[in-house]
1. Residues Ala225, Ala231, Ala219: which one is in contact (Cβ under 8 Å) with a residue 40 or more places away in the chain, part of a loop (DSSP other than H, G, I, E, B) and in contact with a Gly (Cβ under 9 Å, 6 or more places away or on another chain)?
2. In this structure, does Val52 turn out to be of a type in the set (A, V, I, L, M), surrounded by 15 or more Cβ atoms within 10 Å (Cβ to Cβ), within 27 Å of Leu141 (Cα to Cα) and modelled with pLDDT of 85 or more?
3. Which of the residues that make up region 157-203 are at pLDDT 85 or above and among the polar types (S, T, N, Q)?
4. When you scan region 470-489, how many residues do you find that are within 22 Å of the chain's Cα centre (by Cα) and surrounded by fewer than 17 Cβ atoms within 10 Å (Cβ to Cβ)?
5. Considering only region 104-186, give the helices (runs of 4 or more DSSP H) lying wholly within it that have at least 1 residues that are crowded, with 17+ Cβ neighbours inside 10 Å.
6. Quick one: Phe226 ticks every box in (1) more than 21 Å from the chain's Cα centre (by Cα); (2) under 30 Å from Ile64 (Cα atoms); (3) hydrophobic (A, V, I, L, M, F, W, C) bar one, so which box is it?
7. Scan region 465-498 for residues that are part of a loop (DSSP other than H, G, I, E, B), under 19 Å from Arg440 (Cβ atoms) and at pLDDT below 85 and report the count.
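The values are calculated or read from the model by the stated rules, or taken from the named source; none is laboratory data. For clarity, every value in this text was computed on a predicted model and none was experimentally measured. Please note: Cβ atoms are built from the backbone with ideal geometry, for glycine as well, and neighbour counts cover all protein chains shown.
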Amino acid sequence: MEFASAPFIRRIRVTSNRSWSFNRIIVSPLTEVKIPQQFGKIMVALCNLAFVIFLSLKNTPLAILSASSYETLIPLHKAAGYTCIVASLVHAIVYLKALAQLDTLHDMLEPAQIAGIMGGIALLLIGVLALPYIRRQRYELFYTIHVILSAFILIVVALHRPDFSGRAIIITLFAASLPFMDRAIRAFKFSCNFMGNHAALTALPNGATRVTLRQSSKATPGSHAFLWLPAIRFVETHPFTLVSSNPAEFVVSSRDGFTSALHQYAKEFPGKTLRCSLNTGYGKLPDFKSYDSILLIAGGSGASFTFAVALDLSRNPGPSPSGSITFVWVIRDKASISWFDAELRELLLDPRIKVMIQITNNVESSTVVSLSGYSEKGSPATTEEESSQTSLPTMALGDPEKAIELEQTATSEKPVDPEKGMSYSVGEASSSTIATFPGRPSIPALMESLVDNEDSTKRVIVGACGPEGLLETVKDTTSRCIRPDGPSFTLHTEGFGW
């Protein structure tokens, strides 16, 4: 008999004390193929999946241990998620290569393997939808599909490995229970704040909506809360920044989905109140009162954050009030000023706060705008008059590094206030009017002014909220302004989305 020369297959499992194990498949005495078993053990993949889900929780124990909120863990959640996708791809490629060498690709038609393929496709789809551009443009679609596919992956992983060991079952059940426990905690918080709570909606120009709740909140202004309006979307809750906590108040910019439906309802039913609830306690802010100079920069509806911080500094200055507070708000047109009409009036009464509003669209010169309100279409209720106090040259949008120098006009005899320390002035702005300036602000000029006016013993904090481009400019400029002989800098940014 020539049994020894006949081809045969023998499987030998080789394990060690490490977390990796291998299947050695010997096809013949002359052929040897090594396959990582599940690219390591199935336990490794399950633990990684459970870790990804754990990092996505809104009510996470890590928030208590690290003294931070859940949104600071999102980069870790993304990194763990992409690692899981890469590991799954490597596992699939290595496994398919081995099956091809054995000429047993038909094994992929088995139910367990089909479940694995479906799980891999779901992971890839999550990764594609999580790309920044897609996530920003269609966030609600991304979030809905993200949640559905995450649950789907847990199911197909169980089907992919039907011969689970006891530990694998425990890990799978633990991973599946995490989001349910998180939802249960959030539902309990909403139920506690639902009784007797109503919200009044006010439609504002340029698609914004002011939401004012009947009840106050103990949350810190500038933090964010999840708002539930069942009459708008029964099964959806959305995070928004608290402009004020007494009463709880939000300014929501309309994009699509929930925010669009909210604004449409406010226009169709003005003055009508809705049942609502609030889930607060998210977002950790630095102690702005402990800094010597404060620069607040916002773009569009990102002013919800900076107004909240500035108003808190004005209303509650603390035992040793902060020094200069510079407030910069970048908007597209004058109609958006009415979003924070009352808040602007209050800030203008505080001599420590310097308010500058930059308008980027269709404005050629600085103007003084009345704060008496705007109609829904955005036309001012009172006419605006050009400021005779100062004349500022428009900064070219393509030259953000260029500093703007204030030029005295022939009709102005009042010198530039040296305490401003920068090239802007609010002119004759008062509690009923506000000076506006054309173009984008020169953030480098603002930063340089702060550095020049403070010594190395001072502490400066920069708070910013707005579009990603604005935040990137603020981050880059702040890093360039750090000097050995200059003040210490702290940067805190808030983004529009996760």
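1. Sole residue among the options that is in contact (Cβ under 8 Å) with a residue 40 or more places away in the chain, part of a loop (DSSP other than H, G, I, E, B) and in contact with a Gly (Cβ under 9 Å, 6 or more places away or on another chain): Ala219.
2. Considered against the rule, which asks whether it is of a type in the set (A, V, I, L, M), surrounded by 15 or more Cβ atoms within 10 Å (Cβ to Cβ), within 27 Å of Leu141 (Cα to Cα) and modelled with pLDDT of 85 or more, Val52 comes out as yes.
3. Ser177, Ser191, Asn197, Thr202
4. Residues flagged as within 22 Å of the chain's Cα centre (by Cα) and surrounded by fewer than 17 Cβ atoms within 10 Å (Cβ to Cβ) within region 470-489 amount to 4.
5. Working: elements: 111-129, 132-137, 139-160.
Once the helices (runs of 4 or more DSSP H) in region 104-186 are filtered for at least 1 residues that are crowded, with 17+ Cβ neighbours inside 10 Å, what remains is 111-129, 139-160.
6. For Phe226, the exception is condition (1).
7. Just the residues of region 465-498 that are part of a loop (DSSP other than H, G, I, E, B), to begin with: 467, 482-487, 496-498.
After this cut, where a residue has to be under 19 Å from Arg440 (Cβ atoms) as well, the list is 467, 496.
With the extra rule that they be at pLDDT below 85, the set shrinks to 496.
The qualifying residues number 1.
Conditions (1) assigned to a loop (DSSP other than H, G, I, E, B); (2) of a type in the set (A, V, I, L, M), marked per residue:
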{"position": "Ala261", "(1), (2)": "no, yes"}
{"position": "Lys267", "(1), (2)": "no, no"}
{"position": "Gly271", "(1), (2)": "yes, no"}
{"position": "Leu278", "(1), (2)": "no, yes"}
{"position": "Leu295", "(1), (2)": "no, yes"}
